[in-house]
1. Quick one: ARG308 ticks every box in (1) in a helix (DSSP H, G or I); (2) surrounded by 19 or more Cβ atoms within 10 Å (Cβ to Cβ) except a single one, so which number is it?
2. Kindly check whether there is at least one residue in region 7-18 that is among the hydroxyl-bearing types (Ser, Thr, Tyr), open to solvent by 10 Å² or more (accessible area, probe 1.4 Å), at pLDDT 95 or above and touching an Asp or Glu at 6+ places or on another chain (Cβ under 9 Å).
3. Any residue at all in region 228-240 that's free of Cβ contacts under 8 Å to residues at least 24 places away in the same chain and under 11 Å from ALA179 (Cα atoms)?
4. May I ask you to list pairs of residues, at least six apart or on different chains, whose Cβ atoms are under 7 Å apart, with the first in region 292-314 being in contact (Cβ under 8 Å) with a residue 40 or more places away in the chain and the second being open to solvent by 70 Å² or more (accessible area, probe 1.4 Å) and assigned to a helix (DSSP H, G or I)?
5. Any idea which of MET43, MET60 is aliphatic (A, V, I, L, M) and in contact with a Cys (Cβ under 9 Å, 6 or more places away or on another chain)?
6. Could you identify the single residue in LYS216, LYS221 that is under 22 Å from GLU42 (Cα atoms) and basic (Lys, Arg)?
7. Out of curiosity, is PHE285 crowded, with 20+ Cβ neighbours inside 10 Å, at pLDDT 95 or above and part of a helix (DSSP H, G or I)?
Amino acid sequence: MMRRRSAAACLAGAALVSALAGCASENKTAQSNLIVIGANLEMTGSNASFGTSSLNGIHMAVEDANIKGGILGKTVQVVGVDNRSEVAGSADALAKLVTAGAVGVIGPDTSSNVIALAPLVSSDKIPLITPSGTNPSITVDPSTGKTREFIFRACFTDPYQGRIMADFAADRLKAKKAAVLVDNSSDYSMGLADFFTQQFERKGGAVSGREAYMAKDVDFKPILTKILAQNPDIIFIPGYYQEVGLIIRQAREMGASMPILGGDGWDSDKLVEIASPQNLQNTYFCNHYSQDDNNPALQEFIRKYEARYGYKPDSFAVTAYDSANLMMEAIERAGSTKAEAVSGELTKIRDFPGISGQITIDDKHNTVSSGIIMKFSGGKREFVERIDPV
């Protein structure tokens, strides 16, 4: 019950800060003592779990900063706008945040939504940090190979987590044959599927089949029938929790007992609700953090988060907390809210003490960080191993 009340309160808060976005431009003089950080997040729609967690994390980071005196001698205000888990909604949200006077934006969480904003972020000249968008095209324009000046990420990339999961499948699970189910409406899913496949084949494995679905599909039995007929050793599903939960449940109902693997898009309590705990046995996914990490700062965050919201944070809350702190650190270092100055300082971040671990931003505006392999046991996430970057 506490979780439902917290979620309702969060959505109510989202509506409130969205309203602020509409009127903030009319009160710039009155609010000159404020620095506005925007949040462009998936607070409703198919990925609502991600945005709700991220907004919680951002609020906690900003509150911590304001307790210490804010930044540049000013109070920091969060203006959150719901992008409805849609590309068009993400563009609408960015426009509202620019009008609201945001000097930096956290989000969106999903790769397709961030990629779609790239031209707008460039023309608006507003620094943006995605907490969890992992597709390489977010920070590097694939048509030119150039790093996008104003876009950064606070997480690992798909080539990295694709390699981690392929190595785990081949080395730890001794898999020789894999099947892949990919969401063809998602840049994240398609990219991660490709990177997993490439690495799995380098390890001597074979991908026996690759079947496609689309976001919001609900009946996966036809493609599962094809996949299971090939008798793969493992199934890799690089999707988001809504569809992944249904796929896992239906696969188990059809008698599939092999390990099922995925990426960070699995990290949601909703996945457990949709798939059910018993169906999640023998499943593994790559993630950005583990609740078992003994980092004192992380454990303090987990304690405060649970006390406030009634449940433990997922990785989206953690990386959003880090994202907000990175943005505020860059503004403080720049001594300015000018976009070029803030982006310039973000490029210089080295060994920043994030709660997800030390954060370094490389020349492609990516975060150099560890990946963590998790498993489900009794519906609970459990740490398996940490893979450090090489």
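1. ARG308 satisfies every listed condition except (2).
2. So in region 7-18, the residues among the hydroxyl-bearing types (Ser, Thr, Tyr) come out as 18.
Filter once more, so that each one left must be open to solvent by 10 Å² or more (accessible area, probe 1.4 Å): 18.
From what is left, the residues that are at pLDDT 95 or above are none.
Checked against the condition, which is being among the hydroxyl-bearing types (Ser, Thr, Tyr), open to solvent by 10 Å² or more (accessible area, probe 1.4 Å), at pLDDT 95 or above and touching an Asp or Glu at 6+ places or on another chain (Cβ under 9 Å), region 7-18 yields no hits at all.
3. Going through region 228-240, the residues free of Cβ contacts under 8 Å to residues at least 24 places away in the same chain turn out to be 229.
From what's left, under 11 Å from ALA179 (Cα atoms): 229.
Scanning region 228-240, I find at least one residue that is free of Cβ contacts under 8 Å to residues at least 24 places away in the same chain and under 11 Å from ALA179 (Cα atoms), so the answer is yes.
4. What qualifies is GLY310/MET2; GLY310/ARG3; TYR311/ARG3.
5. Working: MET60 fails: in contact with a Cys (Cβ under 9 Å, 6 or more places away or on another chain).
Selected residue: MET43, the only one of MET43, MET60 that is aliphatic (A, V, I, L, M) and in contact with a Cys (Cβ under 9 Å, 6 or more places away or on another chain).
6. Details: LYS221 fails: under 22 Å from GLU42 (Cα atoms).
Step by step, each of LYS216, LYS221 is checked, and only LYS216 is under 22 Å from GLU42 (Cα atoms) and basic (Lys, Arg).
7. On the way: crowded, with 20+ Cβ neighbours inside 10 Å: yes; at pLDDT 95 or above: yes; part of a helix (DSSP H, G or I): no.
Answer is no for this residue.
Condition check ((1) touching a Pro at 6+ places or on another chain (Cβ under 6 Å); (2) on the phi < 0 side of the Ramachandran plot; (3) part of a loop (DSSP other than H, G, I, E, B); (4) open to solvent by 10 Å² or more (accessible area, probe 1.4 Å)) across all residues:
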site	(1), (2), (3), (4)
ALA320	yes, yes, no, no
ASN325	no, yes, no, yes
ILE331	no, yes, no, no
SER336	no, yes, yes, yes
ILE349	no, yes, yes, no
LYS364	no, yes, yes, yes
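The values are calculated or read from the model by the stated rules, or taken from the named source; none is laboratory data. Predicted, not measured: the structure shown is a model, and the values here were computed from it. Note that we place each Cβ from the backbone using ideal geometry, even for glycine, and neighbour counts take in every protein chain shown. Please note that ligands, DNA and RNA were not included when accessible areas were found on the heavy atoms of the full protein model with its side chains. Shrake-Rupley method; radii C 1.70, N 1.55, O 1.52, S 1.80 Å.
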